[in-house]
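The values are calculated or read from the model by the stated rules, or taken from the named source; none is laboratory data. Bear in mind that the values here come from a model prediction, so they are computed numbers and not experimental data. Note: ideal-geometry Cβ built from the backbone for every residue, glycine included; neighbour counts use all protein chains shown.
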Amino acid sequence: MSKTATPALAIRDVSHSYGARRALDHVSFEVPPGSFTVLLGLNGAGKSTLFSLVTRLYAAREGEIDIFGANIMRQPGEALRRLGVVFQARTLDLELSVMQNLVYHAALHGLGSFEARRRGASALARAGLADRANDKARALSGGQMRRVEIARALLHAPRLLLLDEPTVGLDIKARADLLAHVRQLVDTEKLGVLWTTHLIDEVADNDQVVILHRGRVLETGRAADIVGHYGAADIGDAFSRITGADEEKFPA
């Protein structure tokens, strides 16, 4: 990213508490445009809390969150128009067809039926699911459902895509296929992507990585650079050195 490029996502000094429990503690990092950035941390690290703040499920009361320069609190409409979201929980209507799911979602963004179907057909083709448009969502595999959710999230042409633990419940091949699909979208569509996970094997050497542990950002940078800086064998070893976490609790 050049010095003058506006970050796809800028998190500055964000904190959040649930009563007396501090879930996020002065979190700051950026997602460069056109990059694949991994928010890496154990379950309970604060990843989903941060995700909820960026998507405005929770109100951010401490700190600033900008999406391509639009502040999520002061310019919510503009910020959210630039954002596509895939939540951890599955959200397709299983009784509707794949295309009906897309058209219904597109209407929420003010897209008419014709334009929604045009964009939907293009998105499904990119996802390798052009032949499943008229199938009910319940007929899809878990990995196919995830790719439909990604297609749906991109219908309004956002420039930033957030995915919260998107491979939960998927088998090894489906996980690999989904990762490859999203990485290809970064390359071809120049999307900024924030991919949250607790799975070490979802991190590639060239990925930008944000290590979140117990609500605090402990390290950021390219995965290979982090490994080299700590003299670690791999990113899992580096994570253990940085956080003091037991590697056995950090699944591959």
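Among the residues making up the range 25-54, those that are within 15 Å of Leu162 (Cβ to Cβ) and either among the polar types (S, T, N, Q) or without any contact (Cβ under 8 Å) to a residue 60 or more places away in the chain (or both) are Glu30, Ser35, Thr37, Ser48, Thr49, Ser52, Leu53. Pairs meeting the criteria (first residue in the range 121-146 and within 22 Å of Val168 (Cα to Cα) and touching a residue at least 40 places away in the same chain (Cβ under 8 Å), second residue polar (S, T, N, Q) and in a loop (DSSP other than H, G, I, E, B), beta carbons under 9 Å, at least 6 apart or on different chains) are Arg146/Thr167. All of Ala125, Ala139 fail the test of being closer than 19 Å to Gly84 by Cβ, surrounded by fewer than 16 Cβ atoms within 10 Å (Cβ to Cβ) and among the aliphatic types (A, V, I, L, M), apart from Ala125.
Condition check ((1) more than 18 Å from Ala157 (Cα to Cα); (2) touching a strand residue (DSSP E or B) at 6+ places or on another chain (Cβ under 7 Å)) across all residues:
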position	(1), (2)
Glu62	yes, yes
Gln88	yes, yes
Leu92	yes, no
Asn101	no, no
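Filter the range 152-184 for residues that are among the charged types (D, E, K, R) and within 13 Å of Phe87 (Cα to Cα) and give the result. Within the range 152-184, Arg152, Asp164, Glu165 meet the criteria. Return yes when Glu189 is over 23 Å from Phe68 (Cα atoms), within 19 Å of the chain's Cα centre (by Cα) and not assigned by TED's automatic domain parsing to the domain that holds Ala127 and no when it is not. Answer is no for this residue.
For Gly143, the conditions (1) more than 26 Å from Ala10 (Cβ to Cβ); (2) in the same structural domain as Glu30 (by TED's automatic domain parsing); (3) in contact with a helix residue (DSSP H, G or I) (Cβ under 7 Å, 6 or more places away or on another chain) are fulfilled apart from (2).
Within the range 55-111, the residues that satisfy the criterion of being among the aliphatic types (A, V, I, L, M), in contact (Cβ under 8 Å) with a residue 24 or more places away in the chain and within 20 Å of Pro166 (Cβ to Cβ) are Ile67, Leu80, Leu83, Val85, Val86, Leu92, Leu94, Val98, Leu102. Considering each residue of the range 93-104 in turn, at least one proves to be at pLDDT 95 or above, assigned by TED's automatic domain parsing to the domain that holds Ser141, small (Gly, Ala, Ser) and more than 21 Å from His213 (Cα to Cα).
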